Amino acid sequence: MTTALTTASLGQLRRQGVRRLRAEWALVTPEEQAVGVTWYDEAHVWVVRLAFKHGITTPEVAGIAATLSPRLPWHRAIAMTEAMLDGHDIRGQGLRKQVDKAQAILDGGDPYKLVSGVKVTSFFHNLMGEYSWVTIDKWAFDQVSGRDYNTGDHHMLERRGVYETYADCFRVVAFEQGLEPAVAQAVLWISTRGKA
């Protein structure tokens, strides 16, 4: 069972997260911002083009790509999605559970039912062009929490209320910058990746 944090603890996480993201935003270069503000739009266009090319729906393509994405660099998730849609067997190239779910979507399964997990679901919606959702991946977690995802600290995202609290931190900074939440997250992702 996942334990919940108290309202006061979540409030403290939120204040600290917003403070960290504001500090990160101060380091964003104009070039990084220019790339970040178009990232999800470009990803959405890619989804639409693949759907048209293969005669399937945009939710199916977005569901396949989002489902294949965990623990993969984006370019690798793109390559695997395109290979799967082109009819290639991609088993052994990703996490088996994710590949099986992606195949189930391709075989006609409902992506709205098969896409699962808060991060993957958020990314699915972002790829669909829905930018109020915030994808908390490894990079976003490190930024907002001040912790290192790779040390196992990311398990705190499983605690009730934590993911949404961290997503709200991105929403606050996005509002301050006049951007959609997912767009602000993408700008910070581009900036942090470039400095990693």
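Computed from the coordinates by the stated procedures, all read-outs in this text should not be read as laboratory data. Predicted model, so just to flag it, every value in this text is computed and none were measured. Here the Cβ positions follow ideal geometry from the backbone for every residue, glycine too, while neighbour counts run over all protein chains shown.
Key figures for this structure:
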{"quantity": "Partner aspartates and glutamates for Lys53 [C-alpha distance under 16 Å; skip if fewer than 8 residues away on the same chain]", "calculated": "Glu82, Asp86"}
{"quantity": "Ranking of Ser191, Ser9, Ser116, Ser69 by count of other Cβ atoms within 10 Å, fewest first", "calculated": "Ser116, Ser9, Ser191, Ser69"}
{"quantity": "Nearest 10 degrees, 0 to 90: helix 58-68 Cα axis against the chain principal axis", "calculated": "70"}
{"quantity": "Listed candidates (1) 11.2; (2) 12.4; (3) 14.1 - label of the one calculated as mean projected area of the Cα convex hull in nm²", "calculated": "(1)"}
{"quantity": "Rotationally averaged projected area of the range 4-65 (alpha carbon convex hull; nm²)", "calculated": "6.7"}
{"quantity": "Simple Cβ-charge dipole of the chain, Lys/Arg +1 and Asp/Glu -1, about Cα centre, in debye nearest 20", "calculated": "600"}
{"quantity": "Rounded to 10°, Cα long-axis angle of helix 30-54 versus longest principal axis of the chain", "calculated": "20"}
{"quantity": "Neighbour-count ranking [beta-carbon atoms within 10 angstrom, fewest first] of Ile105, Ile56", "calculated": "Ile56, Ile105"}
{"quantity": "Most mobile of Ile78, Ile136, Ile90 in a GNM of the chain (Cα contacts under 10 Å)", "calculated": "Ile90"}
{"quantity": "Residue order, fewest to most beta carbons within 10 Å, for Arg96, Arg159, Arg19", "calculated": "Arg96, Arg19, Arg159"}
{"quantity": "MRE, 222 nm, helices only [DSSP H, n ≥ 4, -39500 (n - 2.57), over the chain, to nearest 500]", "calculated": "-21000 deg cm²/dmol"}
{"quantity": "Degrees between helix 162-177 axis and first principal axis of the chain (Cα, 0 to 90, nearest 10)", "calculated": "80"}
{"quantity": "Virtual spin-label span in nm between Asp41 and Arg19, 7 Å along Cα→Cβ", "calculated": "3.5"}
